[in-house]
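Everything on this sheet refers to the single structure shown next.
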Amino acid sequence: MGGLDFFIVNVAIPSMQIDLTASAAAMQFVIAGYALAFGSGMILGGRLGDIYGRRRVFIAAMAVFTLASAVCGVAPNVELLIAARLLQGAAAAVMSPQVLTILGTTYSGEARARAINAYGMAMGISAVFGQLIGGLLIKGDVFGLGWRACFLINIPIGLVAILLAPRWVPESRAPGRPRLDIVGTLIVTAALVAVVLPLIEGREQGWPLWSWLLLAAAVPLFALFAVYERAAARRGASPLIDLSLFRERAFTAGLLAQVVFWTGQASFFLVFAIYVQQGRGLDALEAGLIFVAIGGGYMATSMTARHVAARLGRQVIALGGVLRMIALTAMVIILYAASSDVSLGWLIPALILDGAGMGLAVAPLAATVISRITPAHAGSATGVLTTGVQIGNALGVALIGVIFYDIIGDGADLETFTDAFRTSLFFLIGIGAALALLVQLLPRVPRGAGGR
């Protein structure tokens, strides 16, 4: 639900804007506000689970997320919609880290590999099929709800999860009696906002001075956070993040690989969706159906990724990066060799292969890191890792936006859109190569954790 709501809203923006008579800037913040709250709150969310119990915090956050979704679905104006989206993003930031932490602390060995594999499939479904699901809901216009169905669909799912969690999800928390590090939380949240907000809003607003000032401020804020956390650890307090985690190669290399991998995800979905909708004239549902090719490849490999990881170890992630490079290179060749209005059907095999590369990387990447984290640090560590997902998404969108929109300029013809998409693919090929190289820094996964 947390990941899906990041993508599903994109296709609903045009009808939302008309229905609520909202400005383009306001509609942009419907997306940006959610991403900002989601990306800057997950370290705190992970720590809350450590302290108060991961199941309890998950259920509470799911309840808030479901309530916020209901408010989004009935919002009579864009101001209430934005406020509800901020609340929804904050709830997602608390809810999401609990999932990976519960899987990592409840299961071990082959059972953990299966569980994290299922987690990877869920992540992929939300990212790959978000646009299709949104398109189906809007096109179907269920009960005349239109775009509102994209939010209201969360209510029955959330209620079922809230009812089932006490029975089926085990409770866990960090050993000892950790306390919430309020000062550390404020510092790191400010640092994350200073990174995420400019990445989300900077390009759209032409990189104004405030965006560069915020990015510059992030450096001393993170440095201050590190100093404060070290001091907290020395005096026997409960730091928000145990900085000794960053001395573990599995964690630091895994975090870097996580950021790099997701830098290539949302960025590809963005430029491909714009290319097929604005460049090729497809509507939301037709564009969503094209994404089924990526989803098919993703589902095929994500279901078997743990078995491949058992044979290849960490190199399964590198294989995912290499498959993406091959698929994206094939798209470049097709788009150079053929005319701009070449049938999109020619891209289908490459899209399937691209999805297959994604599917091979998601779950093994998470498993490689989670298998080395001690239960005492599980919540804060997975909070950092899931924050890496959102920072990677924001960074990728910001970087590829510079490439794509610089070429588009004032042009609106098919040739211009094709050139912009084709050039963006070179950036994404580089991301695949960087992932394959970073994987070599990861330690071997212990036997029984889904790899070698």
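Between Ala118, Val9, Ile391, the Cα set farthest toward the positive side of the dipole of the chain (charges on each charged residue's Cβ, about the Cα centre) is that of Ala118.
Since only Ser108, His307, Gly281 are under comparison, the one whose Cα sits farthest along the positive direction of the charge dipole of the chain, derived from C-beta charges on Lys, Arg, Asp and Glu, is Ser108.
Computing mean projected area of the Cα convex hull in nm² directly from the structure and comparing it against (1) 26.7; (2) 20.1; (3) 27.9 singles out (2). Under a model in which nothing but the beta-carbon of Lys, Arg (+1) and Asp, Glu (-1) is charged, the range 103-229 shows a dipole of about 340 debye around its Cα centre.
Applying 1/(1 + (r/R0)^6) with R0 = 22 Å to the Cβ-Cβ distance of Thr21 and Ala63 gives a FRET efficiency near 0.10.
Mean residue ellipticity at 222 nm, helices only, the chain: -25500 deg cm²/dmol; runs of at least 4 DSSP H residues each add -39,500 (n - 2.57), and the sum is divided by the number of residues. The slack in the chain from Ala412 to Ala223, taken as 0.36 nm per residue of separation less the alpha-carbon distance, amounts to 63.6 nm. Extending 7 Å from Cα along the Cβ direction at Leu186 and again at Val342 yields two label points whose distance is 5.7 nm. Toward the positive end of the charge dipole of the chain, with +1 on the Cβ of Lys and Arg and -1 on the Cβ of Asp and Glu, the farthest Cα among Ala61, Ile51, Cys72 is that of Ile51. Mind giving me the FRET efficiency for Leu437 and Ala216? R0 is 25 Å, r the Cβ-Cβ distance, nearest 0.05 is fine. With a Förster radius of 25 Å, E is 0.30. Model label sites at Asp283 and Arg114, defined 7 Å from Cα along the beta-carbon direction, differ in position by 4.3 nm.
Look at Phe129, Phe246 and count the other Cβ atoms within 10 Å of each Cβ; fewest to most, that gives Phe246, Phe129. Here the chain is assigned +1 on the Cβ of each Lys and Arg and -1 on the Cβ of each Asp and Glu. Its dipole about the Cα centre then comes out at about 2320 debye.
For the range 1-20 versus the range 152-194, the inter-centroid distance based on Cα atoms is 24 Å. Reducing the range 253-269 and the range 64-114 to their Cα centroids gives an inter-centroid distance of 20 Å. Where the alpha-carbon atoms of the range 182-234 are placed on the principal axes, they occupy 44, 16, 10 Å, in descending order. Other residues whose C-beta falls under 14 angstrom from the C-beta of Ser339 contribute a net charge of -2, scoring Lys and Arg +1 and Asp and Glu -1.
Summarising the label geometry, the points placed 7 Å from Cα in the beta-carbon direction at Ile333 and Glu79 lie 5.7 nm from one another.
Read the figures in this text as sums done on the coordinates, not as results from a lab. Being a predicted model, the structure only gives us computed values, none of them experimental. As a convention, Cβ positions derive from the backbone with ideal geometry for all residues, glycine included, and neighbour counts pool all protein chains shown.
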